[in-house]
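Input: a single structure, listed below in C-alpha cells.
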Amino acid sequence: KIKEENERILQEYGFCIMDNHKERIGNFRIEPPGLFRGRGDHPKMGMLKRRIRPEDIIINCSKDSKQPKPPPGTKWKEVRHDNKVTWLVSWTENIQGSIKYIMLNPSSRIKLALRAGNEKEEGETADTVGCCSLRVEHIKLYPKMDEQEYVVEFDFLGKDSIRYYNKIPVEKRVSNKISAPLKEERRIYGKVVTVENCLFCRFTSILNKHLQELMDGLTAKVFRTYNASITLQQQLKELTCPVQRIEEQLMKLQVQATDREENKQIALGTSKLNYLDPRISVAWCKKWAIPIEKIYNKTQREKFAWAIDMAEKDYEF
C-alpha cells in the first residue's frame, strides 16, 4: 500500500511538461521542520529549521500552463514565468538564508552543468579551507623533524569541517617558497587580505595556465576528477581478489559499525556522483558479477544510464 501511494504521488508531482515533452522532476519533497545539524562543527548547529509553507514558495512555470494549486486556504508567495532559469520551485530557508530549488531530474534533456558558489560570511559557516585558501596559521615549518629535513606540518579544517593533520617532508626550495615573506595584497572570497597571511593566493591561476600548456582544456578541476578516477581504478585492481573475498567480507562486517560512526560527517556521495567516472565502477561490477544496484541506487542508475550501457567488463579509464 505504501509503494502504491508513493507511485501515485510520483505520478502527480514528479513530472512536468517542458517543450511538449514529459520530463521527470528531481527531488520534489521539501524537508520537514527539525533541528539543523550541518557538517562538522557548524556554528549554527542545533537551530530550528522551520516548516516551509505555501506562502514561502515561488512557482516558476509558463503563462499558458496549468499551474499547480496550493493547499486549500493558502496561496503561493509568487507565480512567475521566467524561461531563462531551469528551476521550477524556490524558497528561502531560515537557517542560513540560502535559496533552495526544485529542478529537473539529471536524466532530463536539460543538463545542469554549473553550480553557483557562495562567498563565506564570518560566523555563518565553519572556518573551512582548501589548498588555495590555506593561511599561515594552518602550517608550521621545521628545518628537521623525526630525522627528516624540511618538514611541513599541516593542521586545518577541510571540506565538511573534517580536520586534516599531516607532516610532510619537502624539498628545500619548497620550504623556502612557503616561508618567503610576501607583502602583496589580494582579494580572497571578497575580502582584502595580505598574501603574507595567505599561502597560495596566486597558485590557482598559475597552475591552470601551466596545465593548459600541457593539454588543451586541462584545469585543476579536470585533474582532480582524473586523479580520483584513476585512483579508484588502481585500488579496485589491487583490492579485488576472489581467493580473499570471504575473509574481506568478514573484516568488513567487523568494521562496519566503526565506519558508520566515522563517516557520518563525510558526504561520500559527492565524490561518487561528481568526481569519479561511473564507467569504472560499472565495469568492475560487470567483471566480478556484482549487481550494479549494490553501488548505485535507482536514481543514480538513471543518471548514469549512459555509463551502464557503454562500459563493458574490460573497460579501462
Using packing as a proxy for protection, rank 85-91, 208-214, 40-46 so that the peptide with the highest average count of other Cβ atoms within 10 Å comes first. 85-91, 40-46, 208-214
Strictly over 21 Å apart at the Cα level, which of 49/303; 22/298; 1/294; 44/100 would you flag in this model? 49/303; 1/294
What does the highest-first list of 128-141, 161-174 look like by mean Cβ count within 10 Å? 128-141, 161-174
Neighbours of residue 300 by Cβ distance under 12 Å: Lys/Arg at +1, Asp/Glu at -1, summed charge +3
Given N residues in region 1-116, what is Rg(Cα) / (2.2 N^0.38 Å)? 1.19
Check: C-alpha center region 129-150 vs C-alpha center region 32-48, spacing in Å is 32 Å
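Every number here is computed from the coordinates shown, using simple stated rules; none is lab data. Computed from a predicted model, the values in this text were never measured in an experiment. In this analysis, Cβ positions are derived from the backbone assuming ideal geometry, glycine residues included, and neighbour counts consider all displayed protein chains.
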